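Q: One structure is given below, represented as structure tokens, and several questions about it will come after.
No lab work stands behind these numbers, since they all come straight from the coordinates. Note that this is a predicted model, so its numbers are computed, not measured. Cβ: placed from backbone, ideal geometry, glycine included. Neighbour counts: every protein chain shown.
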Amino acid sequence: MGVFIAFLLITNAFTIFALATRSDGPATSRGSGSANVGGLPVIIDYGPKEYTPSKGFNVQPNGESAVWVRVSYGGSVTDLSLSVDGEKAGTARDPATNVLTALVPASVLAAGNPIELKVLSKLGTSSNVVQIKSLTDS
């Protein structure tokens, strides 16, 4: 009986992880993030993957560009913030989808460099680092 329960728990954890790592974008994937029980936030998807410095992306009503990341995290995403190119950004959080969003400063876009994204927790831990590639990079 104990082996069967352990098998069910492992199977459910794998299913949750598989749902959380789908790449349909933030609105359609519904990962619970509970597959990460280690306590460190992990970026499992993000967007956009690349950008053109002279053009905006995910343009918001105020004209600014926005990024999103989906995280796997053992705690609440309300305890997390996004770092955009080394600066803590104002972060919107959706606990239902484990998605964080933030605006990208115009100066970062204009520089034309890869944009580094990282998730910071209130506990002082940080996630893996991902980069949005500039299409001017070689």
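Q: Tally the residues that are under 24 Å from P53 (Cα atoms) and assigned to a strand (DSSP E or B), restricting the search to segment 109-138.
A: Residues that pass the stated criteria total 10.
Q: Given the conditions (1) surrounded by 16 or more Cβ atoms within 10 Å (Cβ to Cβ); (2) more than 20 Å from G56 (Cβ to Cβ), which single one is not true for L123?
A: All conditions are met except number (1).
Q: Can I ask one more? Give the residues of segment 51-76 that are in contact (Cβ under 8 Å) with a residue 60 or more places away in the chain, farther than 15 Å from A92 by Cα and in contact with a strand residue (DSSP E or B) (Cβ under 7 Å, 6 or more places away or on another chain), sorted by residue number.
A: Residues satisfying the conditions are Y51, P53.
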